[in-house]
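One structure is given here, and the rest of the page talks about it.
The values are calculated or read from the model by the stated rules, or taken from the named source; none is laboratory data. Just so it is clear, the model here is predicted, and its values are computed rather than measured. Positions of Cβ are backbone-derived with ideal geometry, glycine not excepted, and every protein chain shown enters the neighbour counts. Note: areas computed on protein heavy atoms with side chains; ligands, DNA, RNA excluded. Shrake-Rupley method; radii C 1.70, N 1.55, O 1.52, S 1.80 Å.
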Amino acid sequence: MEKVTGQKILNGIAIGKILYYVKAQGNAEKRTISDTEAEVARFEAAKETAQEQLQVIYEKALAEQGEETAQLFEVHSMLLDDDDYKDAILAKINEDKVNAEYAVAATGEEFAEMFASMEDEYFQARSADIKDISTRVVNVLSGVQDMSDLAEPCILVAVDLAPSETVQMDTSKLLAFVTKEGSTSSHTAILARNMGIPALIKTPIDESWNGKLGIVDGASQTLIIDPDEATLADYQAKQAKEQAEKALLQELKGKETVTKAGRHVKLFANIGSVADMEVAKRNDAEGIGLFRSEFLYLNSSDFPTEEEQFQAYKAVAEGMEGKQVVIRTLDLGADKQVDYFNLGNEANPALGYRAIRICLEQPEIFKTQLRALLRASAYGNIAIMYPMITSVEEVRDIKEIVAEVMAELDGEGVAYNKDVKQGIMIETPASVLISDLLAKEVDFFSMGTNDLTQYTLAVDRQNNKLDRFYKPHHEAIKRAIKMVCDNAHAAGIWAGICGELGADPEMTEFFLTCGVDELSVASGMILPLRKKIRESEIG
């Protein structure tokens with residue numbers, strides 16, 4: 001028996017045969033060519049084929065995992081059309097007179113190294129995307145086929161997995177995966193969470209494990225190879241208990257989210273697209289507490305029109321059938337960059353031109369979104385939420401713009417909910433400290449604990465070198481949450497949490513004690529949290 005440890009992506013236990021996966025590699029050996037036009041044509045044809053493959057993968061991901069996951073492969077297709085990337089490849093072919101396979105592979109390595117050398121972990125993770133698309137084009141040029149479905153249920157062990165490889169697998173046969181490389185913010189890690197399978201990264205691996213029995217224990221971040229009988233029996237019992245608990249959770253669908261003492265909590269879902277709404281409904285979400293509207297901007301090559309936005313918001317409003325849908329206005333900037341916004345480079349983007357600051361500085365963009373949101377409010381229970389607030393003046397400026405948009409709609413005879421609820425994100429220390437004043441201006445608070453932790457502790461949450469200092473359970477964060485709840489209730493409004501901390505079962509009792517009225521979490525956490533709340537004695 002052998003044990004190795006790594007870094008977990010998701011808890012859970014998987015037991016099955018290990019498949020050591022070795023990627024098929026196209027031949028990218030350097031060759032000198034004389035007919036550059038023919039080689040450019042080969043590259044262009046391979047790029048087109050690669051984009052056709054990505055469209056097939058997109059449709060599979062959309063059907064099986066929702067739009068948020070599928071969007072990655074739209075991004076990959078867009079990367080293939082990136083002018084800088086294409087120009088670098090064409091320059092190598094035309095100027096260096098090398099074959100297309102080598103030109104693509106070399107360019108891919110250069111761009112991947114550029115991203116990997118950046119300090120921001122988000123951009124470091126994009127290095128894998130560049131490698132993925134480059135490998136795809138090289139494989140097309142070399143005649144190497146995409147990976148086929150897994151032959152039998154297995155624990156997949158690999159040096160690394162590209163998102164396109166992961167999503168193409170038969171998920172009913174993928175018990176878990178373990179990789180030597182990777183990061184918690186990579187797209188492959190996100191796919192693992194969406195699929196709900198145990199996964200470990202940064203784990204020592206050995207090809208000799210192929211075909212042996214393995215156990216992945218996400219909680220202890222352990223991979224056990226060739227377990228002895230006693231260990232196997234112990235984990236089989238643990239797995240059976242885990243599966244029984246999951247089955248019991250299904251019985252909570254339709255039940256109230258209420259403590260034994262009668263305290264009700266709204267249990268909502270965070271979503272990033274219209275398609276994610278169906279996942280939220282399947283997990284019995286009582287509403288949508290955070291609809292990230294920026295997906296409309298991130299997936300577009302130009303500003304989304306009012307009509308495009310209206311149709312998306314209307315679809316969710318109607319789909320939730322009267323349940324509340326809280327839609328956050330665009331939260332771009334920092335780690336979410338969109339080229340056509342021309343935001344420019346900033347020394348400290350997390351503290352820079354982002355979120356509501358963009359909206360107030362470019363009100364025409366803001367008004368377009370507000371018109372779409374207000375029009376959609378006629379079709380369901382929509383509430384509007386504004387991110388990155390730091391002052392009462394900002395809220396009053398927002399309300400003036402909203403009033404202007406409402407007056408325009410009235411003049412045009414367009415229907416909307418004139419009493420639409422408007423709230424703000426509490427995610428800066430400033431908003432916490434003046435939450436008593438802000439509470440008089442809005443209908444609700446929603447605490448974005450990811451940024452609140454980052455700003456309160458002065459820790460860049462994208463920098464993995466600072467993991468030990470990023471402490472969401474820090475006493476300062478707890479005091480901030482309590483202060484916000486107290487000030488909200490004193491003003492007669494509700495206070496919720498929509499950051500990742502809301503899904504932490506270790507914090508549930510504390511939230512109940514503070515008087516948190518709403519938790520908005522990833523859809524898969526709704527039923528486990530409902531169980532936790534229903535078992536609580538807090539009134």
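Would you check which residues across segment 430-451 are more than 24 Å from the chain's Cα centre (by Cα) and open to solvent by less than 50 Å² (accessible area, probe 1.4 Å) and list them?
Scanning segment 430-451 gives A430, S431, V432, I434, S435, L438, A439, E441, V442, F444.
Looking at N417, is it assigned to a loop (DSSP other than H, G, I, E, B), within 28 Å of D397 (Cα to Cα), out of contact with any Cys (no Cβ under 8 Å at 6 or more places or on another chain) and polar (S, T, N, Q)?
Values: assigned to a loop (DSSP other than H, G, I, E, B): yes; within 28 Å of D397 (Cα to Cα): yes; out of contact with any Cys (no Cβ under 8 Å at 6 or more places or on another chain): yes; polar (S, T, N, Q): yes.
Yes.
Condition check ((1) under 28 Å from G254 (Cα atoms); (2) of a type outside the set (S, T, Y)) across all residues:
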site	(1), (2)
E278	yes, yes
K314	yes, yes
T329	no, no
L343	no, yes
Y353	no, no
G380	yes, yes
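Filter segment 493-539 for residues that are open to solvent by 30 Å² or more (accessible area, probe 1.4 Å), without any contact (Cβ under 8 Å) to a residue 40 or more places away in the chain and not in a helix (DSSP H, G or I) and give the result.
D504
Residue under question is I197, and the condition is that it be aliphatic (A, V, I, L, M), touching a strand residue (DSSP E or B) at 6+ places or on another chain (Cβ under 6 Å), open to solvent by less than 60 Å² (accessible area, probe 1.4 Å) and farther than 30 Å from D276 by Cβ; does it hold? Please lay out each step first, then the result.
On the way: aliphatic (A, V, I, L, M): yes; touching a strand residue (DSSP E or B) at 6+ places or on another chain (Cβ under 6 Å): yes; open to solvent by less than 60 Å² (accessible area, probe 1.4 Å): yes; farther than 30 Å from D276 by Cβ: no.
No.
Is it the case, given these coordinates, that K202 is open to solvent by 80 Å² or more (accessible area, probe 1.4 Å), farther than 20 Å from I18 by Cα and of a type in the set (K, R)?
no
Within segment 29-51, is there a residue that is in contact (Cβ under 8 Å) with a residue 40 or more places away in the chain, in contact with a Pro (Cβ under 8 Å, 6 or more places away or on another chain) and small (G, A, S)?
Checked against the condition, which is being in contact (Cβ under 8 Å) with a residue 40 or more places away in the chain, in contact with a Pro (Cβ under 8 Å, 6 or more places away or on another chain) and small (G, A, S), segment 29-51 yields no hits at all.
Answer with yes or no whether E68 is among the charged types (D, E, K, R), out of contact with any Ser or Thr (no Cβ under 6 Å at 6 or more places or on another chain) and at pLDDT below 95.
No.
Mind checking whether some residue in segment 153-171 is within 27 Å of D84 (Cβ to Cβ), buried (at least 16 other Cβ atoms within 10 Å of the Cβ) and at pLDDT 90 or above?
No: zero hits.
For segment 349-387: of the residues being in a helix (DSSP H, G or I) and small (G, A, S), which is modelled with the lowest pLDDT?
The qualifying residue modelled with the lowest pLDDT is A350.
Suppose we filter segment 18-56 for residues that are exposed (fewer than 15 other Cβ atoms within 10 Å of the Cβ) and more than 30 Å from D96 (Cα to Cα); how many remain?
Qualifying residue count for the region: 3.
Hey, which of the helices (runs of 4 or more DSSP H) in segment 249-348, taking only ones fully inside, have at least 1 residues that are in contact (Cβ under 8 Å) with a residue 12 or more places away in the chain, surrounded by fewer than 21 Cβ atoms within 10 Å (Cβ to Cβ) and in contact with a strand residue (DSSP E or B) (Cβ under 7 Å, 6 or more places away or on another chain)?
Passing ranges, in order: 295-298.
Give the residue that is most open to solvent (accessible area, probe 1.4 Å), with candidates limited to residues of segment 172-184 that are assigned to a loop (DSSP other than H, G, I, E, B) and hydroxyl-bearing (S, T, Y). Before the answer, list the steps.
Initial filter on segment 172-184 (assigned to a loop (DSSP other than H, G, I, E, B)): 172-173, 180-184.
This time we only want the ones that are hydroxyl-bearing (S, T, Y), so: 172, 183-184.
Numbers: S172: 88, S183: 22, T184: 44 Å².
Step by step, filter segment 172-184, then rank; the result is S172.
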